[in-house]
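Undergrad: Let me give you the structure first, and then I'll get to my questions.
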Amino acid sequence: MFITKMSLPRRTFLRGMGAALALPLLDAMVPALSAGAQTAARSVRRLGVVYVPNGMAMDSWTPAVAGSVFELSPILKPLAQFQDRMLVVSGLNGAKSKGSHSGAATRFLTGFGANSSAGAVLSSTSIDQIVAKEFARHTQLASLELSLDGREEAGSCDANPCGMSNTISWHSPTLAMPMENNPRVVFERLFGDVGSTESKARLARLTRDRSILDSVTQAAADLGKQLGAGDRARIEEYLDGVRNIETRIQKAEEQSATELPVVAQPAGIPVSFEEYAKLMFDLQVLAYQVDLTRVITFMMGREFSGRSYPEVGVPDAHHPLSHHQYDPEKVAAMAKVNVYHISLFGYYLDKLRSARDGDGSLLDHMVLMYGAGMSDSNAHDPNNLPILLVGGADLLKGGRHLKYKGDSAANLLVTIVDKMGVPVEKVGTSTGELKIDTLAGV
């Protein structure tokens, strides 16, 4: 590797046997750019989506007061340190759907109710894919679609095919994007260079070179000699992060092989749900940090998810619990699950805020959408969807609760796409753009 005038191109990789690691934005990369390109490098926009299944305990989700002076609800309290960056949006109605749960997942990013007719699965292009098509020319991967449930877990369906409950991302009205739930596969997709994600090819690389970093150590050392102290420290911090994630995946693989031989989960998935979620969040941070993609969607669970949460005192399966018949104890248990999910989202936000990106942090340069595709889970209610936006001050005016009166949730999707610099006239069943930078209409 030869560096001239202490300057690096933005697309610099550390290459080794079976590895190709992109580097985060370094100070040494900026002098190589023109003044206009420097500004662009520091103002890259990113879109992240985190979806939770089976609705929400709405009384514990919605803040009591609208406007800029409001107290966080019980479910939102774990995000108190991010309140100034948060925009809580209530009173938006989702598109009607042929199926309750499949409709919830489908409408969230498409603004279109799930439907299947004469064997054809019909939806609408989701906003992550609208943005990804524009951003793809800048990144190695157009987008990432991730989940904490595998497609093989689909044991319940409604009026539409089971697959419509397994994804929130649609490349076109007839093509759903599959969600990947195996951290090892995600890791190899981001940092491997085996030319294949087929299991035998991955196993061959793992057998030959247990750590993906071992083969790039010398390249990193050679590069570090030509960089300033700040960039050296940043590369070291980045590689430590990659190493930490890889070690956690390896540990999970060892546990899967030795301690849980009868469990059908893929190797690389931690036994602990919390560790699993944090591992997948950390992979997303790294993907953004090295600009491998600027668009990520993440399902913390598929619709109909029967996962239980004994770690927070909820041994009941999530989906049956969501049909609580308004029993106070069951509603309280549902709220516990919702709080647990959002506390893990808080972990993700903290990681994004801590990750340097140009003249700020990753969180400063992105918009994240968090929520569910139905509100009252007992009624499968598509109205008053629980939606939260978090992001940088230049993209999002936070510290507010906007309460609308039955506007289309699809209108908010139009607004989010516009925030990404990819304006569109219509998303799904939208009727216009939702003005979220003022308190108008609240």
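The values are calculated or read from the model by the stated rules, or taken from the named source; none is laboratory data. Being a predicted model, the structure only gives us computed values, none of them experimental. Don't worry about glycine lacking a Cβ; one is built from the backbone with ideal geometry, like all the others, and counts go over all protein chains shown.
Undergrad: If we scan region 213-220, do we find a residue that is under 17 Å from residue 29 (Cβ atoms) and modelled with pLDDT under 80?
TA: yes
Undergrad: Could you figure out which of (1) loosely packed, with under 12 Cβ neighbours inside 10 Å; (2) in a loop (DSSP other than H, G, I, E, B); (3) modelled with pLDDT of 80 or more isn't true of residue 210?
TA: Residue 210 satisfies every listed condition except (3).
Undergrad: A follow-up question, please. How many residues does region 296-317 hold that are in contact (Cβ under 8 Å) with a residue 60 or more places away in the chain and out of contact with any Lys or Arg (no Cβ under 7 Å at 6 or more places or on another chain)?
TA: Here the count works out to 11.
Undergrad: Looking only at region 103-120, filter to residues that are under 15 Å from residue 158 (Cα atoms), in contact with a Gly (Cβ under 9 Å, 6 or more places away or on another chain) and not in a helix (DSSP H, G or I); which one of those is modelled with the highest pLDDT?
TA: Per the criteria, the residue is 113.
Undergrad: Sticking with this structure for a sec: When both residues are 6+ apart or on different chains and their Cβ atoms are under 8 Å apart, which pairs have a first residue that lies in region 340-360 and is crowded, with 16+ Cβ neighbours inside 10 Å, and a second that is part of a loop (DSSP other than H, G, I, E, B) and acidic (Asp, Glu)?
TA: That search, which allows pairs on different chains as well, returns nothing.
Undergrad: Any chance region 293-305 includes a residue that's part of a helix (DSSP H, G or I), of a type in the set (S, T, N, Q) and on the phi < 0 side of the Ramachandran plot?
TA: no
Undergrad: From the list 344, 321, 352, which residue is over 23 Å from residue 58 (Cβ atoms) and in a helix (DSSP H, G or I)?
TA: Step by step, each of 344, 321, 352 is checked, and only 352 is over 23 Å from residue 58 (Cβ atoms) and in a helix (DSSP H, G or I).
Undergrad: Identify the single condition in (1) assigned to a loop (DSSP other than H, G, I, E, B); (2) under 30 Å from residue 328 (Cβ atoms); (3) over 22 Å from the mean Cα position of the chain (by Cα) that residue 385 does not satisfy, given that it satisfies every other one.
TA: (3)
Undergrad: Regarding region 321-335, can at least one residue be identified that is touching a residue at least 12 places away in the same chain (Cβ under 8 Å), polar (S, T, N, Q) and surrounded by fewer than 17 Cβ atoms within 10 Å (Cβ to Cβ)?
TA: yes
Undergrad: Still on this structure, I have one more. From the list 421, 428, which one is in a loop (DSSP other than H, G, I, E, B) and under 20 Å from the mean Cα position of the chain (by Cα)?
TA: That would be 421, the only listed residue that is in a loop (DSSP other than H, G, I, E, B) and under 20 Å from the mean Cα position of the chain (by Cα).
Undergrad: Among (1) surrounded by 19 or more Cβ atoms within 10 Å (Cβ to Cβ); (2) at pLDDT below 85, where does residue 203 come up short?
TA: Going through the list (1) surrounded by 19 or more Cβ atoms within 10 Å (Cβ to Cβ); (2) at pLDDT below 85, residue 203 breaks only (1).
Undergrad: Of all residues in region 389-442, which are among the hydroxyl-bearing types (Ser, Thr, Tyr) and closer than 13 Å to residue 109 by Cα?
TA: Within region 389-442, 408, 415, 429, 430 qualify.
Undergrad: Of 280, 300, which residue is surrounded by 21 or more Cβ atoms within 10 Å (Cβ to Cβ), at pLDDT 95 or above and in the same structural domain as residue 85 (by TED's automatic domain parsing)?
TA: None of the other options fit; the residue is 300.
Undergrad: Additional query: Return the only residue of 73, 60 being among the small types (Gly, Ala, Ser), in a helix (DSSP H, G or I) and at pLDDT 95 or above.
TA: From the options 73, 60, the qualifying one is 60.
Undergrad: With the condition kept exactly as written, say whether any residue in region 258-267 is more than 21 Å from residue 188 (Cβ to Cβ) and modelled with pLDDT of 85 or more.
TA: no
Undergrad: Being assigned to a loop (DSSP other than H, G, I, E, B) and crowded, with 17+ Cβ neighbours inside 10 Å is the requirement here; does residue 398 meet it?
TA: It is true that residue 398 is assigned to a loop (DSSP other than H, G, I, E, B) and crowded, with 17+ Cβ neighbours inside 10 Å.
Undergrad: May I pose another question? Can you tell which of 100, 123, 169 is assigned by TED's automatic domain parsing to the domain that holds residue 54, touching an Asp or Glu at 6+ places or on another chain (Cβ under 9 Å) and modelled with pLDDT under 90?
TA: Checking each option against the conditions leaves just 100.
Undergrad: Quickly run through region 344-362 and pick out the residues that are under 13 Å from the mean Cα position of the chain (by Cα) and among the aliphatic types (A, V, I, L, M).
TA: Of everything in region 344-362, those that are under 13 Å from the mean Cα position of the chain (by Cα) and among the aliphatic types (A, V, I, L, M) turn out to be 344, 349, 352.
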